[in-house]
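The values are calculated or read from the model by the stated rules, or taken from the named source; none is laboratory data. As the structure is a prediction and not an experimental result, all values here were calculated from the model. Backbone-built Cβ (ideal geometry, glycine too); neighbour counts: all protein chains shown.
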Amino acid sequence: MNHQAKKRFGQNFLRDKNLLMKIVRESNIANQFVIEVGPGQGALTTFLASSAKKVIAYEIDESLKPILDELEEKYENLKVIYQDFLNADLSIYKENIHVVANVPYYITTPILFKLLETKNIKTASLMIQKEVCDRLLATPNSKQYNALSIILQYHAEASKMMDVKRHMFYPVPNVDSAVIRIVKRNHPLVESSKEDLFIRMVKEAFTQKRKTLINNWHHGFDIPKESLESFLIENGYTKDVRAEALSIKDFIKLVGMWKYD
Ligand code: SAM
């Protein structure tokens, strides 16, 4: 059956078997419970279903049903659900979940947050834009470093599995891609009563990247600048430090010392 790729659903399909097998192999999903976001024409799904115990695939585009029906017939352990993944209730699954997906790029960030915030999702291998992958894995003092790099590190250990050139997809997109491998942490880096504050401190710190930490926190938390100045100096930082110079360890230290309620 011929399917016309739909741009509005971020449809860029894969077909290279070696690439697909490599993603599945390095995702360590043998006999595991897997969720795929956007099976499309089933290129990745086939390899997932051959390896995993169970695969639940969420697809928004119902016109792909005839193609995916055939796969469901072939693989008893595959179930396709025609629904927007962002609205899917994942709390119905009681087992540990591993996500593997060639992500529709227009919703990369909300998908990432959903995965990070769903407790029983343990790992994820996600094909995303290379530029987004580099931003997520950026380190302090680099141009790409941002709040999301730190929030991702807070929830997980992340690394690049591989780069993937644009011509591996059809239709060929305007950007290169990469697969990011995310392994969630078993133990939180910050005590749970301080988690919300930690996330807020990180987000506020980066609201205007060129401004100092004092400026951003002053506006975000409504704390007098003089007070923030002594807070930073007491903890070994200069008053003109910017968020981009701080590692996750620095933010963890500062949330531990935070004296404002
Ligand atoms: N997995 C296939 C592959 O690798 O060839 C297709 C990947 S394509 C980049 C993204 C897929 O996600 C498309 O099939 C698209 O229809 C689907 N999709 C887009 N938005 C979605 C959403 N909100 N929920 C579930 N699937 C979605």
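Table: residues versus (1) crowded, with 18+ Cβ neighbours inside 10 Å; (2) within 27 Å of VAL255 (Cβ to Cβ).
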{"residue": "VAL132", "(1), (2)": "yes, yes"}
{"residue": "SER149", "(1), (2)": "yes, yes"}
{"residue": "ALA156", "(1), (2)": "yes, yes"}
{"residue": "LYS165", "(1), (2)": "no, no"}
{"residue": "TYR170", "(1), (2)": "no, no"}
{"residue": "VAL175", "(1), (2)": "no, no"}
{"residue": "ILE180", "(1), (2)": "yes, yes"}
{"residue": "HIS187", "(1), (2)": "no, yes"}
{"residue": "LEU197", "(1), (2)": "no, yes"}
* Is there a residue in segment 216-232 that is at pLDDT below 95, of a type outside the set (A, V, I, L, M) and not assigned by TED's automatic domain parsing to the domain that holds GLY38? -> no
* To do: List the helices (runs of 4 or more DSSP H) that sit entirely inside segment 157-261 and contain at least 3 residues that are touching a residue at least 40 places away in the same chain (Cβ under 8 Å).
  => 195-205, 248-257
* Asked: Restricted to segment 106-143, and to residues that are in a helix (DSSP H, G or I) and touching a residue at least 60 places away in the same chain (Cβ under 8 Å), which residue is farthest from the ligand (Cβ to nearest atom)?
  -> LEU116
* Hey, can you tell me all the residues within segment 68-87 that are surrounded by fewer than 17 Cβ atoms within 10 Å (Cβ to Cβ), farther than 14 Å from PHE33 by Cα and either among the acidic types (Asp, Glu) or within 14 Å of the ligand (Cβ to nearest atom) (or both)? => ASP69, GLU70, GLU73, ILE81, TYR82, GLN83, ASP84, LEU86, ASN87
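Answer with yes or no whether LEU44 is surrounded by fewer than 23 Cβ atoms within 10 Å (Cβ to Cβ), within 7 Å of the ligand (Cβ to nearest atom) and closer than 15 Å to MET168 by Cβ. Break it down stepwise before answering.
Numbers: surrounded by fewer than 23 Cβ atoms within 10 Å (Cβ to Cβ): no; within 7 Å of the ligand (Cβ to nearest atom): yes; closer than 15 Å to MET168 by Cβ: yes.
So LEU44 does not fit the description; no.
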* Structure fact -> If we ask which residues in segment 1-35 are within 21 Å of LEU90 (Cβ to Cβ), among the hydrophobic types (A, V, I, L, M, F, W, C) and away from the ligand (no atom under 12 Å from the Cβ), their number turns out to be 3
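Kindly establish whether ILE67 is modelled with pLDDT of 95 or more and out of contact with any helix residue (DSSP H, G or I) (no Cβ under 9 Å at 6 or more places or on another chain). Full working, then the answer.
Numbers: modelled with pLDDT of 95 or more: yes; out of contact with any helix residue (DSSP H, G or I) (no Cβ under 9 Å at 6 or more places or on another chain): yes.
Yes; evaluated as a whole, the condition is true for this residue.
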* Can we say ALA52 is more than 12 Å from the ligand (Cβ to nearest atom), of a type in the set (A, V, I, L, M) and surrounded by 13 or more Cβ atoms within 10 Å (Cβ to Cβ)? -> yes
* Quick one: how many residues across segment 1-35 are crowded, with 22+ Cβ neighbours inside 10 Å and within 16 Å of GLU70 (Cβ to Cβ)? -> 0
* Asked: Does segment 198-213 contain any residue that is closer than 30 Å to LYS7 by Cβ and of a type in the set (Ser, Thr, Tyr)?
  -> no
